[in-house]
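Undergrad: Before I ask anything, here is the structure I am working with.
The values are calculated or read from the model by the stated rules, or taken from the named source; none is laboratory data. Just so it is clear, the model here is predicted, and its values are computed rather than measured. So basically every Cβ, Gly included, is an ideal-geometry build from the backbone, and we count neighbours across all protein chains shown. Keep in mind that these areas ignore ligands, DNA and RNA; they rest on the heavy atoms of the full protein, side chains included. Shrake-Rupley method; radii C 1.70, N 1.55, O 1.52, S 1.80 Å.
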Amino acid sequence: MSAIFTGYPDPVKIALIDSGLGLLAAAAAVRRTRPDVSLVLSGDPDGMPWGPREPGDIAARALRCARAALEHGPRALVIACNTASVHALEALRAELEPAVPVIGTVPAVKPGALAGGPLAIWATPATTGSVYQRRLITEFAGGVKTAEVPCHGLADAVERADPDAIARAVDAAVRLTPAGVRDVVLGCTHYELVATTIRERLTEALGASVRLHGSAGAVATQALRRAGIHGEGPAVGPG
């Protein structure tokens, strides 16, 4: 596991953990809102991606990433991975809180369902069909026709920055997406990094524009709030 500190010599830090590049979407959202806040990025390059791994292994790896990040003194820690939030959030909160608030990443099912459906949720195979995701659908998309779409290999392709593999994985997920869908929840943080490709392929296949719903912005807002940092402007002092 490794943690990289990036930012200013400022005491206010937000930590983000993921196996690899998936944390960049939430990190960018934090940076856009509060460019003065420093970031601690903690990853697991030897274990990425976490999506296909067993739940216990994911939780153990996420804990090791969190412990590496804690050495830099963050005020809050984001699990910038949907799959890890499913399998490791409880364990991380038990170990870190109340000293360091832990923010999980929840798929944007609620905003995705507001249009009334049909809705599709693109997620890793480990998250698709999980009790966690089904509970979100029941709570926030009750009565909305919802398809769960497993995206085999997409997170790995993003990690490898392989455009051909990304295109193949996106096309495979597009084929599993019902024709009437106009709103798609990106249930893996990696997918937000290739949102343009996903939107283009979906629009071409479905013959209509598709709205994509990611979680990075909401996660960033929650992390800053839990860290005691609000709105725009200079960071607050240590606390």
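Undergrad: When you scan the range 112-127, how many residues do you find that are open to solvent by less than 40 Å² (accessible area, probe 1.4 Å) and either free of Cβ contacts under 8 Å to residues at least 24 places away in the same chain or among the hydrophobic types (A, V, I, L, M, F, W, C) (or both)?
TA: 7
Undergrad: Working carefully through the options GLY129, GLY117, GLY153, find the one that is touching a strand residue (DSSP E or B) at 6+ places or on another chain (Cβ under 8 Å) and within 16 Å of GLY51 (Cα to Cα).
TA: That would be GLY129, the only listed residue that is touching a strand residue (DSSP E or B) at 6+ places or on another chain (Cβ under 8 Å) and within 16 Å of GLY51 (Cα to Cα).
Undergrad: In the range 69-93, how many residues are under 24 Å from ILE229 (Cα atoms), in contact with a Leu (Cβ under 7 Å, 6 or more places away or on another chain) and among the small types (Gly, Ala, Ser)?
TA: Total meeting the criteria: 2.
Undergrad: I would also like to ask the following. Looking at LEU89, LEU186 in this structure, which one is open to solvent by 10 Å² or more (accessible area, probe 1.4 Å), within 30 Å of ALA69 (Cβ to Cβ) and in contact with a Gly (Cβ under 7 Å, 6 or more places away or on another chain)?
TA: From the options LEU89, LEU186, the qualifying one is LEU89.
Undergrad: Name the one entry in THR33, THR83, THR105 that is at pLDDT 90 or above and either under 26 Å from THR128 (Cα atoms) or among the aliphatic types (A, V, I, L, M) (or both).
TA: After ruling out the rest, the residue left standing is THR105.
Undergrad: Go through (1) under 13 Å from the mean Cα position of the chain (by Cα); (2) crowded, with 21+ Cβ neighbours inside 10 Å; (3) modelled with pLDDT under 95 one by one and return the number of the condition VAL158 breaks.
TA: So the condition that VAL158 fails would be (1).
Undergrad: Please work out which one of (1) farther than 17 Å from ALA115 by Cβ; (2) of a type in the set (Ser, Thr, Tyr); (3) open to solvent by less than 40 Å² (accessible area, probe 1.4 Å) is the condition THR138 fails and give its number.
TA: Exception for THR138: condition (3).
Undergrad: Checking ARG201 against (1) at pLDDT 95 or above; (2) in contact with an Asp or Glu (Cβ under 9 Å, 6 or more places away or on another chain); (3) open to solvent by less than 10 Å² (accessible area, probe 1.4 Å), only one condition comes out false. Which one?
TA: (3)
Undergrad: Does GLU148 satisfy the condition of being modelled with pLDDT of 95 or more, more than 22 Å from GLY22 (Cβ to Cβ) and either among the acidic types (Asp, Glu) or open to solvent by 40 Å² or more (accessible area, probe 1.4 Å) (or both)?
TA: On the way: modelled with pLDDT of 95 or more: yes; more than 22 Å from GLY22 (Cβ to Cβ): no; either among the acidic types (Asp, Glu) or open to solvent by 40 Å² or more (accessible area, probe 1.4 Å) (or both): yes.
Criteria not met by GLU148.
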